[in-house]
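What follows is a set of notes on a single structure, which appears directly below.
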Amino acid sequence: MPRLTRSVFTASAWCALFAVALLLACHSRPPVRVDPVGQAAALAMENAQAALRASERPSRAAERERAREWAEEALRESPGWVAPRRLLDDLLREDLRGLEALSVHRAALGRRGELSNEEFAAEAYLAGRLEGRDGDERFEQAASIDPALAWAQHGLAFAANTRGDRRGAVALARSALARARDPWERSFFTSSLARFLVGAGARDKALEALAERLSQSDVSRTDRVWLSVEAACIGLEDPELSRRSTSYARGLELLREMDLTEGEVGRLVLRMRVAGSIEDPDAQALVLALAVGQSPARDRARAELMLEAGSAPLAMGLLERALAEEGRPIPAGPLARSARFAAQQFGPAVERWLSELPPRLKSADGMPADARLARVVGAARALQTDGAESARADERVHHRSDELYELGDALVAAGWFREARSVAVALATVDLDRALHLESRALAGQELIDGLGRLARRMDLDRGITTPLLSDSIDLARLLRSGEPLSPDDALEPANKLTDLRDLLAATGPLFARANVFLGGDTDAKRVSSTLADSARIEYGPVAEIAHPGPWFSAADEREGLGKTGDAVPGLAAEMDRLGRFALFGELAGSGGPDGTILPRLLIEHRSGSHLGVAWSGTIAWCEGADLLSRAARRGAHISAAALHEGYWVDVGAVRAEYAQWEELRRDFSGLDSRARVERVLAERGFTVSTADSASARRERTRTGALLREGARVRLAVLRDRGSAKELGSVELEEFLQVTATHEEGHLCDRARFLPLSKNLVAVMGFLLDCGFSPAAVGETLEYRAQLVALCDAPDARIPLAQILDAVEDGPGGVTAHAAGYARLLDDLLDVLDRRVSTDADGGLNIDAGRTLAHQLHHMSPELVKSVALELASKKRIVR
């Protein structure tokens, strides 16, 4: 017994001694020493950030140059300080010269013996952040060499967040904040910490961190503005109504009193409009807050709010001014069209829209190929000439009444409800009864679409999906405006009853029944719900099912026993067809329940063709904008098209956004010195391969981690090749539509290969085996294959190549499979190119085998890109 006691005592003593030693060791470890920068350097950095904020305005180039000068001043005052060097790197990257910045840092790292630990750690961090996916090891190296370097901790936090380690990202962000050297760094690292806390589900702590920083006396006026905007945006997304209301009020205050950037106005107003406020149900306070200052973003937001309020003759002027200040033409999309209608410019609105309608959506006579849209154009033209030859005033009034009503009726039939309401206003001056009838029909259609959007948002909220585009309070505001009761049948009905697609379809019944009172059709809610719930389905085994989008049954549908070829599809498809809409409602296994998307349609047609020897056919829905985004899009994905039924749909409005990106690049490289700037950027050849070992050299040559806007360089090369000695050329919208369509047709080719499952079981099993039976890998591989088809068959293969490069540089972690699939595709393309280059004895490919290939893709001709893609497609057995 004494021995046992002695043994226990001995073990306890060792534990105590170990604990004491550990405490002493922790106590004796020297604390991380933070070396603050001097006041002059901090002031220069503050000025640089202020100039950078101002660079969002039309005087962009001049302000960016001022930001560069101030950053260089900060660096002179505090040599080696990472913050201004980081800003200078960002400016170079924006100018498509990021490779130059990375070259400087890599060269410095090669002189390890000449640098102090602090200098080497700084270079490691700056190189790592430009190296993208390849830079994580640099951050670890920097943190190990210089534990006091805040930016190394920040880099590690960013890397942790990217790989999904939210708690680790928060801890590292706090570590970075503790090492900040000046007021701007303290603000920046607080902002990063807040974002990581929100990602970790700690919204309250994020707001506390921002509030604490804002309470400190060393926060500059510039920093105070953007930190306040960030706090307001986080609060506007909060599930608690009281916090959203407080944040809405704070947003109004910021818009009234602060000099916000264009981006800040856009982000803040978006979240305010979605969150809404019971105290500002008509958004009148928001309109007035926007009116305190003038900028393109403020004008654009005011125009949109005026259109929603229905008092919009001023909206057109605001929109014109906003776009003129940005140097952009006025678009012909739904917003501008609605503004012109609200300003009673019916004919010009329709003609402008028609002039920008893609040729593939027009008939031989230049009219819209869709009969209902052609009727709109005809009615608008008739109104412009109506009554000119009438002798008596009463005849002219009568004719004007008839023609206005015909235009309004055509607009309702086409689903242009907002425009129809503007026509009703004009009609009221000559025929009040018909004007009221037209207004009721148009309003019913508009409210039906809004109601379907409310239903989708309720589903998301019920499933805990909160995004900047999701909130239920805007629905409450709309109900208050309309004076409708808050009944269980409407916005407050729990969405958790909607467990499957049938439930979702049935839930839309009351919405359609109420609208049908004015639009025609069945008004019995239970009967309509039953009809919608019984809508024909297209099933893909246990993976997915969708309500047939129609508008007619195909030959494939007839083979499956769904209906006779050419017959109209009943149920949801028929209801959407009456609204001039194309809709996909369905459920994908593991996607969080049923979902839907609704798009205003331009044309629905049946098309067929082939790619790489594989035939495809299907119903193609050409659409413009989206009334209801899919869940993936509501969570932030940019989706311009999808092949989710037996055909595919394309959103022309979303494709125009890519077109605008090219136009912005063209504007950025225009001016007196444009040609020299373009040639300097396009002279880039990447990094010299540093090893002689063939295997290591090949890996280094084909790395893709540090693309540094190679996608933009590819686009710039296309514009240069299409231009003249004095100015850059352009790419037409039609080309982007063709690339988008070809990608979706690539999906249809795979559908032809693998469906029906019963007849293609061997091919399907082989495909699944290649994907490791992983649902994620299946999605990624399908996107890989579809984009490879686009590379092979696009008019200029560099256009889809630029899309690939952008997606890979943006990185994984999105809500769709594109980025990961495109990353694998880029790796494989570079492997093929590398083999080509290694045997290119005469240099005919114009690619340097001694340098990194990913940074030379802008030197490839469209023919070479296509040839490499075809070789890869053959290797992957995509060519038949």
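The values are calculated or read from the model by the stated rules, or taken from the named source; none is laboratory data. Source: prediction; values computed, not measured. Heads up, the Cβs are rebuilt from the backbone with ideal geometry, glycines too, and the neighbour counts pull from every protein chain shown. Please note that ligands, DNA and RNA were not included when accessible areas were found on the heavy atoms of the full protein model with its side chains. Shrake-Rupley method; radii C 1.70, N 1.55, O 1.52, S 1.80 Å.
If packing is taken as the average number of other Cβ atoms within 10 Å across a peptide's residues, how do 526-534, 81-89 rank, most packed first?
In decreasing order of mean packing, 526-534, 81-89 become 81-89, 526-534.
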field: Exposure rank, largest accessible area first [761, 305; 1.4 Å]
entry: 761, 305
- prompt: Between (i) 29.5, 93; (ii) 30.3, 127; (iii) 34.5, 103, which matches Rg and Dmax of the Cα atoms in Å calculated for the structure shown?
  reply: (ii)
field: Derived scalar couplings ³J(HN,Hα) [the range 61-68; Karplus, 6.51 cos²θ - 1.76 cosθ + 1.60; whole Hz; x for Gly, Pro]
entry: 4, 5, 5, 5, 5, 5, 4, 5
- prompt: Hey, what's the range 703-849 come to in accessible area per residue, 1.4 Å probe, Å²?
  reply: 39 Å²
- request: Please list 279, 73 in order of solvent-accessible area, largest first, computed with a 1.4 Å probe with all protein chains present.
  value: 279, 73
message: Heavy atoms only, 1.4 Å probe, whole protein assembly: order 740, 688 by accessible area, highest first.
response: 688, 740
task: Convert each backbone phi in the range 353-365 into a coupling constant with the Karplus relation 6.51 cos²θ - 1.76 cosθ + 1.60 (shift: θ = phi - 60°), then list the ³J(HN,Hα) values in order as whole Hz, x for Gly and Pro.
output: 4, 5, 5, 9, 5, x, x, 5, 9, 10, 8, 4, 8
message: Please list, short to long, the whole-number percent of alpha-carbon pairs of the range 672-730 in consecutive 10 angstrom bins beginning at zero.
response: 20, 39, 24, 15, 3
message: Cut-off under 15 Å on the C-alpha distance; same-chain residues fewer than 8 positions from residue 362 excluded. Which aspartates and glutamates are left, in chain and number order?
response: 351, 370, 605, 624, 734
Three-way shape label, the range 522-578, alpha-carbon gyration tensor, a/c 1.5: oblate
- prompt: Mind checking Rg over Rh on the range 613-741, alpha carbons, Kirkwood formula for Rh?
  reply: 1.08
With every protein chain in place, the range 769-880: carbon and sulfur % of accessible area (1.4 Å): 51 percent
- request: At 1.4 Å probe size, with no ligands or nucleic acids counted, give the accessible surface of residue 747 in Å², nearest ten.
  value: 30 Å²
- request: Convert each backbone phi in the range 45-51 into a coupling constant with the Karplus relation 6.51 cos²θ - 1.76 cosθ + 1.60 (shift: θ = phi - 60°), then list the ³J(HN,Hα) values in order as whole Hz, x for Gly and Pro.
  value: 5, 4, 5, 4, 5, 5, 5
statement: With only helices counted (DSSP H, runs n ≥ 4, each -39500 (n - 2.57)), the per-residue ellipticity at 222 nm for the chain, to the nearest 500, works out to -20000 deg cm²/dmol
- prompt: Which peptide among 711-724, 42-55 comes first, and what is the full order, when sorted by highest mean count of other Cβ atoms within 10 Å?
  reply: 42-55, 711-724
- prompt: For residue 610, which sequence-distant residues (separation of 5 or more, or a different chain) have an amide H within less than 5 Å of its own amide H, given hydrogens modelled in the peptide plane?
  reply: 616
